[in-house]
Structure formats: C-alpha cells, structure tokens
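Contents: one structure, followed by commentary.
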Amino acid sequence: MVAAVALFAAASCNKELPQENLPAVGETVVYTASTDGADTKAALNETTKKSEWVTGDAITVHDGEKGWTFTAAEAGANVDFSNSEGFGPYRPVLAVYPAGTYTANVAAKTAKAYIPTWQQAQAKTYHSPAALAVAYTEDNTFAFKNAHALLKFTVNTDNVTHVIFHGNGSEAITGDVYVTLGEDGVESVECLETVFTSEKWNDETQQNEQVSETKYGTWVECYAYHDDANKYFAKGQTYYIAVAPQKFEGGVTVRVKIDGGEELVAKTTTNPVETKINTILNLGEIKYEAPVAHEWAVAGTFNGWSTTANPMELVDGYYVAKNITGLNYTAPTGEETGSSTGIKFVNNGDTWRAGEGQVTAGTWAYVWGDGGNIYVDGATADTAYDIYLNPSEGDYGKFVIVAAGAEMPEDVVVEEEVVVDYWAVVGSMLDNWASEVKMTADGDWYVAEGIELTAADEFKFRANGDANWTINRGAEGDADGVVIADNVETTVIQGGKNFAVATDGVYSLYINKYANKVKVVRTGDIVVVEPGTTTPGEDSEWAVYAQFGSETWSEVMMKTTTREGLFVVENKTMNAYNKLLIKKYNDTAWKVKYGSYDVNYIKADRYFAVALNGGDIYVEAAGTYDIYFDYTNTKVYLMSACSDYASATEQIESGDAPVVESGTWLYLKPNSNWLQSNARFAVYTWDGGDQWFDMKDSDSDGIYEVLIPEGISNIIFCRMNPGASANGWGNKWNQTSNLKVPTDGTNLYTVKDGTWDNGGGTWSVK
C-alpha cells in the first residue's frame, strides 16, 4: 500500500512503491515487460494498488543507434511486447515507456525522454503518456522502473477545468529529461532545457527568421476535458499528475481554472517540499474559495501573491500587517531593472496599489497604482517587517515599513517630486507674457538667473511651455501682485496668483522639485542706460566670450554704438566652428548670459534671436567679423568686418554643422520618460572644449545614433527641447551622469526605466 503524504504537514515523508518482476515471452521478436508496482502505470488497479499494462501500450526499445516500437497485444501486470520490423537478435538494449523519439546510451544506461507539461486528467490514475519508465536488459525480459514522481489530489470545487502545479522558485519539473538507470532502479532524472522555435522579425535582414529559445518546463497543467459531457474534474474523485523529482525550497502553489477562466490560487505553502522518484506526494484537497474582500491586504512573493492571505487590520486609523518577509530585492531573470520579489497592496480583493520600488525602512513613502514591487533597502529574504498603510493622503495613500515590533514613526507629509519636462519663469517683464525663461536643475531646486524685475512686474512659474498653463504655480491670495519677500521660501499653489517683488533689481528665481515652494534672491541692481546719453566707443557692461581663431576662450568688452541698447566688438578673426556667447563683462559667476536657442552654425551677415541661458553659438565659416548684441531685442548680428549691421538678414534655420568623417559610433536607447513630448537627443562632450552632437534614429528602431570624433572620452547623453534646434544647456531637459566612452566594445547606452536625470543606465553591444 502507498502511504499518502499530506502536502502541508509539518514533516513530510515519501514511501517507496513496491517493485515487481513478472516476465513472459512470445514468438518472433518479443519482450516480456513487468511494471514497477503500484501507481506507476496509467491503468491503476484500485483494489491491488498496482498498475497494469493496457492493450495497445507501446514501448521504444533502443540499442544506442536506433529505436524500435514494440506493442502490447493484451492487458495485464506483465505482458508481451512484440515487433515484426526486423529488430534482429536479442542484445543489450534500453526500453522507454511510453514509446517516442528518444536517444539512448545503452552502455551508460541513460536515455533522453520526456514528461509532458500538459496532462489529461484520468480519474483514479494519471495521463498515460506521462508514465515515464525505463528498463535495461541483455535478454528478452524488461523490469520497468519509474522515472517520475506522482502528485495526488482530490478536487472539491465545482466546474474546475484545469489544475496547475508549480514551485515558488520556478523549479523545472516537466519537459525533456535525462534519465540514468542504476542497479536498483532509476538513479537520477535531470530536467533539460527544452528548445522552443518561433518566428521573430530581424531589423537588419528585414524579414522573419526562425529563432530558437531554450526554456525549462517549470509547471505542469492537468486538464479535465475529454468531451463536452466530460469537461470538469469530478468532485471528490482522486487524480494523479506525473512530474520530475525536484526540491522546492520555497514551497509550491496549486492553481485552478474554473470554466477555463483565469488561474486562481487554491493552495500554497512556503515550507520546503520535495518530490522523489517512484513516490507519491499527496496534495490533499484542492478547493478554491473566492477571496473575502478585505478593504486592504498585503500580497507578495512571501504568500504567493495571494490577495486574501494577509489582510491588514485597522488600528487607530492605520491598516497594519505584521511580520512580513520577502521584502528583499531580487532581479528578474534576464532583466536589469525591477524586482521579482517584494509586496504590493490590494484594495477590496482586486485593486492593486504599488510604489516606486526601493524604500528605506522607517521612512514614509507614497503608494499608487501601476507601480513596481515594493522592497526594502538592505533587507534579506527572512527579514521580518511591520507595515503601516494610510490610504487617505494623495491619490492612493502612503505607507511606512519598520522592523518587526518597532513603533510606527510619526506620520509626516510625504513630498512627491512633480515630474515635468521643464519649469520656466513667465511674466510681464518678458515680452509682456509672450516668452519664458527656462529654469535649470540645481539640487532640489530649479533656477532662472539674471531676471530683471521692477516693482511693477508680475510673474508666475509654468511647466513644459504649455500655452494652456496645465501645470503652473502661483501665489496664495485673492489678487495678483502678491509681493514675495527676498530669499524666503514661499508656498505656491496650482493656478495661484501672480507674484511681484518689492524692490527693483536683478533676481534669481527658484522653484523646488516638489513644486510647492518658491523663492527669489536679489543679486544686483538693474543697470539702465538713459536715452540720449549713449556715445559710440564707450565701455559697456556687456562682453563677447569666444574662441577667436586658434585662441582659447577669452572675454572682450563690447563698446557702445550710436544706437541705444546696441553693443559691438569689432574686427575679430574667427575660425570655422569657433564658439561665442554674450555675457555681462567680468561676471565670473555667469549670472547673465545669452546664447543660441532656435538656430546655430551662424552664417556671415545674419542676425538671429538669442535666449537667456542659451547654448554656445557656433560660427559656420572662418572670417573677420564685427559682432553686435541688440540687448533691447535680444538679437546677435554676425557681420563681415566693416559691414553695416542694418544690411543683415535674419537666419531662421541652422547652418551646416561640421561633418564627422571618422570616429566612434555611439547609440542611445531612451526610456519611456525620455521619449515623452517628442524630445530630441544630443551628446555633449568637454574634451578639447565644449561640443554638442545631434543624435538621430535613422531606421526608426527607437535607438538613436551619433558618430563622435576620435579622441573623445567624456560624454553626457541629453534629452533636448524639440522646439529649439540649437544645442545648449538652456535647451536641455534631462541628462545622464558623466559617462566614459567604452573601450570594451560596448556602444549602446540604455537609460534605466522610470528615471529622469542621472538615473543610471547600462552599456551593451548594439
């Protein structure tokens, strides 16, 4: 008799099935085969607890080079299997049940066989093609030995069509197996990778190609369907499933499908479980109960992602789950980001809420929909935590995870970063609200420097250059013109009123990354040139900072002209692709500078618009130039020496950038964040002076490429404003950290999912 082993018993055991040899022989080429005992063959005698052969059963007899099919003409415990296809004389052979296309090494007593992943349910027994058994002989008799383990279960739920079994650690249990036969039976059964072939599109060849992938069979699915009248498991009936022997250190899970629907967890355990060759593991009763809808529950790898196993208790206004483990980080197989471990929250049994990913124990964090698994920095698989959830704040709530037994820390307001493409200052001082000054990141703040404000000016903060002002921040109050104190952090709100300053001056304007505080810092006085006092050739407050010919960067003071607000540097020699900027003279802090925005690679005798904090201005062709700065209209003129600036025409498209004929190809794969708002991409390098290179996706594969010159080793990939064709820090939205050009053959940089600035990434080969 077979001892049934309860799956969830504190201590499990397996009992060896009885072994029997019942030979018989016939004429021509005949082998007599006996079975391995109880519960080992598809036709299980419930009275004797022994299996029997079925008429028409077939085995494969293999001599190491070829396999022959032998068929049983009758049923019984030991029967004759015959073949009339010229098998030849008896010799050392291996036999495998059921018959199939196998390979064998007879001398080593090994065979490559198969345990099916999908098995049809058979009441009181199991799927005949899954009854893997092997035998060796040097004469005309076979004593078959089992090469599998059995799972035994009883279904006690209506309309179950499928039962699925798997280890919580994705252990291999079906598919191709390598069987080794010893003196006393099957010595080992090793699961092999199974080759799956599919068609995939090849961008290089522009055609579908056959691609082979190797995977393990990490589950087994038993289906009930025989015909429309027999498509459910019979309640109270016993069934068996064949699997390979395996150790399940993290436990196992049994799922069911009702009327062929989604997989539902019917049973799970995290206790170690083992299946052994020629033994039965009793799973017991498989019964699915619809989850009780708890207002909040914790689900994760620790409980097989059950939505009901760990309901949270409402205590003093917080939902609490205690002694939760499995909050360590484990990377998913074959992936670089995310976690295959951790937890999520479940509301009313079916609505999932998750978070950012990694959290710090003892620190409050937000929880929302469609986030990644939550795990704790530094946790191990066995570290126990208590979890507190406050679902009332924000869209979905906030939570804190603490060491098991520790008190909940003070519930504090969680500041959540507002993710935008960029912030800008807009106001009456900028073309009467017609333009904006983009802000640059500075730690936890964004800043716009060198803004001239009078007490009559009003301003606000706006995101993304959006004319509809979808995301904006202004002052709390009932009327515009709310005066903001100098260098005081001040609360702002969506759709708030306009700000004003009390004192005229030059200011730096700040908004924090949470978009809930702003400040203004006065940095100087407004320098006013009174009408009628300007005479040509006098010193001004402005300068050209440029590469003049082969010189390094230098600063040259601009002189006044006969026109108020127009300044000039004359007779300066420049090489092709020399760069220049307009700045306040002798301003080492670079509080105010103007550079390119809409166009670059400037042609001779042209004027073009510049922007505050714009990028380097490139000169397209070598020449001797007069450079004018029209402060009043924020324009720069690049004139051939001694030419009248009034003869210039406007440049509205960028000129010709230098052609890089040889160098290193680099590639960028942006994440979904970086691809928003039709952003473009560029590479910045400071080797040998500041340089920018545009990136293009020439084959529309989502990967951007650029050829950079030889000798460059330091780069930054940048996400750029698509509304500005010129490259510069004023047009940059986001960036990677400082990177080194790889020297190990890698050339493709993939931006880490979910990140914006300096979020990390990985190099690989394109």
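In terms of its Cα atoms, region 653-736 spans 32, 27, 25 Å along the principal axes, sorted from long to short.
Considering every pair of different Cα atoms, what Kirkwood radius, in Å, is found for region 213-357? Each step should come with its number before you reach the end.
Details: mean 1/r = 0.0556 Å⁻¹.
In region 213-357 this quantity evaluates to 18.0 Å.
Normalised by the number of residues in region 544-584, the average gap of Cα pairs under 8 Å and 6 or more apart makes the relative contact order 49 percent.
Quick check on my link table: of 497/669; 635/766; 513/583; 517/559; 460/635, which ones sit more than 31 Å apart, alpha carbon to alpha carbon? Before the final figure, lay out each step's value.
Details: 497/669 41 Å; 635/766 43 Å; 513/583 28 Å; 517/559 41 Å; 460/635 25 Å.
As for pairs spanning more than 31 Å Cα to Cα, those are 497/669; 635/766; 517/559.
This ranking places 718, 222, 642 by how few other beta-carbon atoms lie within 10 Å of each, fewest first, which gives 642, 718, 222. Potential lengthening of the chain between residue 227 and residue 377 amounts to 48.7 nm, from the contour at 0.36 nm per residue minus the alpha-carbon distance. Return, ordered by residue number, the residues of region 624-667 whose backbone nitrogen is under 12 Å from a label point located 7 Å along Cα→Cβ of residue 571. Zone members listed by number: 625-626, 641-642. Along the axis of the charge dipole computed for the chain (Cβ charges of +1 for Lys and Arg, -1 for Asp and Glu, origin at the Cα centre), the listed residues 641, 491, 60 are led at the positive end by 60. Applying 1/(1 + (r/R0)^6) with r as the Cβ-Cβ distance of residue 737 and residue 290 and R0 = 56 angstrom yields a FRET efficiency of 0.65. Taking every Cα-Cα distance in region 616-766 and sorting them into 5 Å bins starting at zero, the pair-distance distribution P(r) comes out as 2, 8, 16, 20, 17, 12, 9, 7, 5, 2, 1 percent.
Simple rule: put +1 on each Lys or Arg Cβ and -1 on each Asp or Glu Cβ in region 296-403, find the dipole, and look at 355, 315, 374; the Cα lying farthest toward the positive end is 315. With no solvent and one point on each alpha carbon, what is the Debye value of log10 I(q)/I(0) for region 539-650 at q = 0.13, 0.20 Å⁻¹? The calculated log intensity ratios at q = 0.13, 0.20 Å⁻¹ are -0.40, -1.03.
May I ask which residue of 609, 181, 207 lies farthest towards the positive end of the charge dipole of the chain, with charges of +1 (Lys, Arg) and -1 (Asp, Glu) on Cβ and the Cα centre as origin? Projecting each Cα onto the dipole axis, the largest value belongs to 181. Once divided by 2.2 N^0.38 Å, the Cα radius of gyration of the chain becomes 1.39.
Output the relative contact order of the chain, whole-number percent, from Cα pairs under 8 angstrom with separation of 6+ residues.
Values: 2059 pairs, mean separation 45.9, N = 766.
Taking the mean separation of contacting Cα pairs over the length of the chain, I get 6 percent.
Percent of alpha carbon pairs in region 423-524 separated by more than 23 Å?
12
Loop-located GluC sites (Glu not before Pro) in region 218-302 (DSSP state not H, G, I, E or B) with no more than 14 neighbouring Cβ atoms inside 10 Å: 249, 262, 289, 295.
Each Lys and Arg adds +1 at its Cβ and each Asp and Glu adds -1 at its Cβ; summed about the Cα centre, region 423-524 shows a dipole of about 280 debye. Using Cβ point charges alone (K and R +1, D and E -1), the dipole size of region 296-403 about the Cα centre works out to roughly 160 debye. Available extension along the chain between residue 646 and residue 502 is 47.9 nm, counting 0.36 nm per residue and deducting the alpha carbon span.
Any idea what the dipole of the chain comes to, in debye rounded to 20, about its Cα centre with Lys/Arg Cβ at +1 and Asp/Glu Cβ at -1? Before the final figure, lay out the partial values.
Values: 53 positive and 105 negative charges, 254 e Å.
Computed about the Cα centre, the dipole is about 1220 debye.
Considering only alpha-carbon pairs that sit under 8 angstrom and 6 or more positions apart, the relative contact order computed for region 664-764 is 32 percent.
Each value in this text was obtained by applying a stated rule to the coordinates, not by laboratory testing. Small disclaimer: the values here were computed from a predicted structure and weren't measured. Backbone-built Cβ (ideal geometry, glycine too); neighbour counts: all protein chains shown.
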